[in-house]
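The values are calculated or read from the model by the stated rules, or taken from the named source; none is laboratory data. All values derive from a computational prediction rather than experimental measurement. All Cβ positions, even for glycine, are placed from backbone atoms using ideal geometry, and neighbour counts span all protein chains on display. We work out accessible area using only protein heavy atoms, side chains counted, and drop any ligands, DNA or RNA first. Shrake-Rupley method; radii C 1.70, N 1.55, O 1.52, S 1.80 Å.
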Amino acid sequence: MQSWLRDERLAETRLLVTTRHAVAVRDDEPVDDVAAAPTWGLVGAVQNENPDRIILVDLDGAAGTLPDPASLSTALSCNESQVAVRDGVLLTPLLAAVAPAETGPPPFGSDSIVLISGGTGTIGRLIARHLAIRYGVRRLVLIGRHALDAGSASALRAECAATGTDVEIAACDVTDRAAVAALLDGIPGLTGVIHAAGVLDDATAATLSAGQLHAVLRPKLDGAWHLHELTRDRALTAFVLFSSAAGVLGGAGQSNYAAANVFLDALAQHRRAHGLPAVSLAWGLWDRPSGMTSHLDAADLDRLQRNGIDTIDVDSGLALFDAGLAANRPPDRAAAALDARRAHRGTVAAADPAPGAGDPSPPGRGHRIVDGARRRVARAGARRPVQPGTGHRHHPRGRSTRLRQR
């Protein structure tokens, strides 16, 4: 892709990128090719950097079968940058507010033993305190690449001890499968996993190096996969992945980070399709400086806000965490903590709630829980309503028009 972008002879051409079953378009649809899912994050970011040059299509059908030429022809001509083909119907992404859903018992309680990767970071510690105070979990195991300093560790243990929560803090690199396995062997009775580890190393797609790509993929992608493989035979009540709005919206200059986060969304969908608990929360930017975001300046924050990624104060963030768990939505449709009034990706903007639907979002600064994976397709004339149970709008193949911005 970098060679294609750099070749001036191809400046007036468009690139078609295809995957097969790398994204889900229905609540119950599995992601068969989890390994290909990061393509949607990476290419989505490249599309934002290079508008109208790349078309990304996810195909159905068995592996090795040829795509339907008519569907591909329509995908190329319908003025949409991202399309999924299902049974001859073309679907495109849509952000929509999540309607309230019936909730079951909370996934955390007084008997819970929870592991938090990235738990020694700023957000990891906020979540740890929240689990102790709000849910009264019995034991927390916080891990990070580096151990927490003695003063911060003592303060956190003392604060959580007031609720009866025991806190263990350890240095463990989640990219090291053997180290993760050894750690988990020492946590019998584990009931929950929160994967909040991650790093940033931003660059445009044209300049991104292989080293930068792997440095960002490994903590999120490899770490999540290790935790998934090593705990899938345990009786977990929660497996929570901290993803990013960069994967939902396509983070220009963050193709590596977007790729890593789309993998988390796909892994959560994969787990649920196999009867395992999972939710992926696509976060915006918390207003607490952290190791990942301390480099951002005023210009960076302004750019993020223009794309709908406003800063989230701590109270709103923790409320969004609770709301995302309570919504119990399919994974990459789970809460994306961002300003849905301004969030956009190409021609697709956050939708208003359906008529009569309540607002599941917690109060605070216009943030709301949105569904990041609903899909619709453009057609000439009026749009059809969302088909019940799918969250997608269906339209006949062969008719195309540009999506109207909402």
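Pairs meeting the criteria (first residue in the stretch 207-218 and of a type in the set (S, T, N, Q), second residue modelled with pLDDT under 95 and in a loop (DSSP other than H, G, I, E, B), beta carbons under 6 Å, at least 6 apart or on different chains) are Q212/D201. Quick one: in the stretch 252-261, which of the residues that are in contact with a helix residue (DSSP H, G or I) (Cβ under 6 Å, 6 or more places away or on another chain) and open to solvent by 10 Å² or more (accessible area, probe 1.4 Å) is nearest to A35 (Cα to Cα)? Within the stretch 252-261, the match that is nearest to A35 (Cα to Cα) is Y257. Restricting to the stretch 218-250, and then to whatever is open to solvent by less than 10 Å² (accessible area, probe 1.4 Å) and out of contact with any strand residue (DSSP E or B) (no Cβ under 7 Å at 6 or more places or on another chain), can you tell me which residue is farthest from L190 (Cα to Cα)? Selected residue: K220.
Here A75, A45 are screened, and the one residue that is over 22 Å from the mean Cα position of the chain (by Cα) and either crowded, with 17+ Cβ neighbours inside 10 Å or without any contact (Cβ under 8 Å) to a residue 12 or more places away in the chain (or both) is A75. Among the residues of the stretch 302-324, those that are of a type outside the set (D, E, K, R), open to solvent by 10 Å² or more (accessible area, probe 1.4 Å) and either out of contact with any Gly (no Cβ under 6 Å at 6 or more places or on another chain) or modelled with pLDDT of 85 or more (or both) comprise L304, Q305, N307, T311, V314, L318, A319, A323. Within the stretch 78-87, the set of residues being among the acidic types (D, E) and free of Cβ contacts under 8 Å to residues at least 40 places away in the same chain comprises D87 only. Filtered by the rule that a residue be touching a Lys or Arg at 6+ places or on another chain (Cβ under 8 Å) and surrounded by fewer than 17 Cβ atoms within 10 Å (Cβ to Cβ), the stretch 194-217 gives a lone residue, A206. Of A24, A84, A62, A70, all but one fail to be in a helix (DSSP H, G or I) and among the aliphatic types (A, V, I, L, M); the exception is A70.
For L72, are the conditions met, namely being of a type outside the set (D, E), modelled with pLDDT under 90 and within 30 Å of L213 (Cβ to Cβ)? When the stated conditions are applied, L72 passes them. Could you identify the single residue in A147, A153, A181 that is surrounded by fewer than 16 Cβ atoms within 10 Å (Cβ to Cβ), outside any strand (DSSP E or B) and out of contact with any helix residue (DSSP H, G or I) (no Cβ under 6 Å at 6 or more places or on another chain)? Selected residue: A147, the only one of A147, A153, A181 that is surrounded by fewer than 16 Cβ atoms within 10 Å (Cβ to Cβ), outside any strand (DSSP E or B) and out of contact with any helix residue (DSSP H, G or I) (no Cβ under 6 Å at 6 or more places or on another chain). Taking the conditions (1) open to solvent by less than 10 Å² (accessible area, probe 1.4 Å); (2) touching an Asp or Glu at 6+ places or on another chain (Cβ under 8 Å); (3) under 20 Å from P107 (Cα atoms) in turn, T191 satisfies each one other than (1).
Scanning the stretch 156-178 for residues that are open to solvent by 70 Å² or more (accessible area, probe 1.4 Å) and part of a helix (DSSP H, G or I) returns R157, E159, R177, A178.
Does A158 satisfy the criteria of being farther than 28 Å from V43 by Cα, within 26 Å of the chain's Cα centre (by Cα) and among the small types (G, A, S)? Considered against the rule, which asks whether it is farther than 28 Å from V43 by Cα, within 26 Å of the chain's Cα centre (by Cα) and among the small types (G, A, S), A158 comes out as no.
One line per residue, one yes/no per condition, for (1) aliphatic (A, V, I, L, M); (2) under 21 Å from A36 (Cβ atoms); (3) touching a residue at least 12 places away in the same chain (Cβ under 8 Å):
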residue	(1), (2), (3)
T163	no, no, yes
D166	no, no, yes
A179	yes, no, no
D185	no, no, no
A235	yes, no, yes
V240	yes, no, yes
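Listed by position, the helices (runs of 4 or more DSSP H) inside the stretch 211-301 whose residues that are at pLDDT 90 or above and closer than 25 Å to P51 by Cα number at least 2 are 255-273.
Residues of the stretch 1-29 that are farther than 19 Å from A75 by Cβ, open to solvent by 50 Å² or more (accessible area, probe 1.4 Å), of a type outside the set (G, A, S) and at pLDDT 90 or above: Q2, R6, E8, R9, L10, E12.
Test G124 against the criterion of being more than 30 Å from L16 (Cβ to Cβ), without any contact (Cβ under 8 Å) to a residue 60 or more places away in the chain and open to solvent by less than 50 Å² (accessible area, probe 1.4 Å), and give yes or no. The answer is no for G124.
Among the residues making up the stretch 184-210, those that are closer than 30 Å to G136 by Cβ and part of a helix (DSSP H, G or I) are L184, D185.
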